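The values are calculated or read from the model by the stated rules, or taken from the named source; none is laboratory data. This is a predicted model, so every value here is computed, not measured. Using ideal geometry, Cβ is built from the backbone for each residue, glycine included, and neighbour counts are taken over all protein chains shown.
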Amino acid sequence: MMSPKQLVLKVIMLGNSGVGKTCIINKYVKNVFSDNIKPTIGVDFANKAISKDDLKSQDTIMLQIWDTMGLEMFKSINRMYYRGVHGVVLVCDLYNIESFKQLDSWIQEFLQNQDRSTDFSDFGFILLGNKCDKDQPRLVQEEDLIRWCEEQKKFRQIDIDHFIVSAKTGESIIDAFINLSNRMMEIIESKQSNQQQLSFIQGYRTKSTYQLRQVDRPKKKGMCCSSQTSN
């Protein structure tokens, strides 16, 4: 492996509007939760350092976690969002069956628009079933998540671990991101030479990666991440 240092790895959140993507990021990065988030529509990212104590690797890494902040409602996610990605967090709402059905569309859109590799195993993936804190019968069962992950392995040769999480309580969110971090590091370390590893890590660091183009739109009303909504 290359000499120990902090690596910056790009992670994107994918899933229908209202499944709690922004709330998951806020809980993981800031340990805060709000059930009435009304973001300006656009693209944003948050940074989260992962220490080597939580990794199987000797390196520390910085996760750059990108959020669409509502753009998925307008079907207008810029291709910049998909550039240089190392890890993907797919999110569905355990109380919204449509959000589960749309997972295939989200992973297909990513694979068609990403620019880093023709080998899908070069990306780390996790699937989060969110809002497990709600005391109601679930419309999406853990068995559904397991079956979907097995189908991705069979038909796309992609390994995806699933987690039942709550952006409200924080249940299993840290474990999920550590799992993804270790998976990405395993992929990097599988490269045969230091030069291959360096190219693999730095290949996405183009100027456009850091030019976040905020799209000014009216604020959307409603509780996109609330445990009280089924969106």
task = From (1) at pLDDT below 85; (2) in contact with a strand residue (DSSP E or B) (Cβ under 6 Å, 6 or more places away or on another chain), pick out the condition that doesn't hold for PHE74.
result = (2)
query = Looking at (1) farther than 23 Å from SER51 by Cα; (2) modelled with pLDDT of 95 or more; (3) not in a loop (DSSP other than H, G, I, E, B), can you tell me which one ILE178 breaks?
reply = (1)
request  = Taking the residues in region 21-59 that are touching an Asp or Glu at 6+ places or on another chain (Cβ under 7 Å) and in a loop (DSSP other than H, G, I, E, B) as candidates, determine which candidate is modelled with the highest pLDDT.
outcome  = SER57
query = Out of the residues in region 118-148 that are hydrophobic (A, V, I, L, M, F, W, C), surrounded by fewer than 20 Cβ atoms within 10 Å (Cβ to Cβ) and without any contact (Cβ under 8 Å) to a residue 40 or more places away in the chain, which is nearest to ASN182 (Cα to Cα)?
reply = PHE120
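Output the residue which, of all residues in region 104-138 that are in a loop (DSSP other than H, G, I, E, B) and under 27 Å from ILE188 (Cβ atoms), is nearest to the chain's Cα centre (by Cα).
Of the residues in region 104-138, the ones in a loop (DSSP other than H, G, I, E, B) are 114-119, 123, 131-138.
Keeping just the survivors that are under 27 Å from ILE188 (Cβ atoms) gives 114-119, 123.
On the way: GLN114: 14, ASP115: 17, ARG116: 17, SER117: 18, THR118: 20, ASP119: 19, PHE123: 11 Å.
Only one residue fits best here, namely PHE123.
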message = I need a count of the residues in region 90-103 that are of a type in the set (A, V, I, L, M, F, W, C) and either assigned to a strand (DSSP E or B) or modelled with pLDDT under 95 (or both).
response = 3
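Just name the residue that is modelled with the lowest pLDDT out of those in region 181-215 that are hydroxyl-bearing (Ser, Thr, Tyr) and surrounded by 16 or more Cβ atoms within 10 Å (Cβ to Cβ).
Of all residues in region 181-215, those hydroxyl-bearing (Ser, Thr, Tyr) come to 181, 190, 193, 199, 204, 206, 208-210.
Those left that are additionally surrounded by 16 or more Cβ atoms within 10 Å (Cβ to Cβ): 181, 204, 209.
Values: SER181: 96, TYR204: 43, THR209: 35.
Checked region 181-215; the qualifying residue modelled with the lowest pLDDT is THR209.
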query = Does PHE163 qualify as being out of contact with any Gly (no Cβ under 6 Å at 6 or more places or on another chain), within 23 Å of ARG79 (Cβ to Cβ) and not small (Gly, Ala, Ser)?
reply = no
ask   = Which of the residues belonging to region 139-175 are in a loop (DSSP other than H, G, I, E, B) and more than 19 Å from ILE24 (Cα to Cα)?
value = LEU139, GLN141, GLN157, ILE158, ASP159
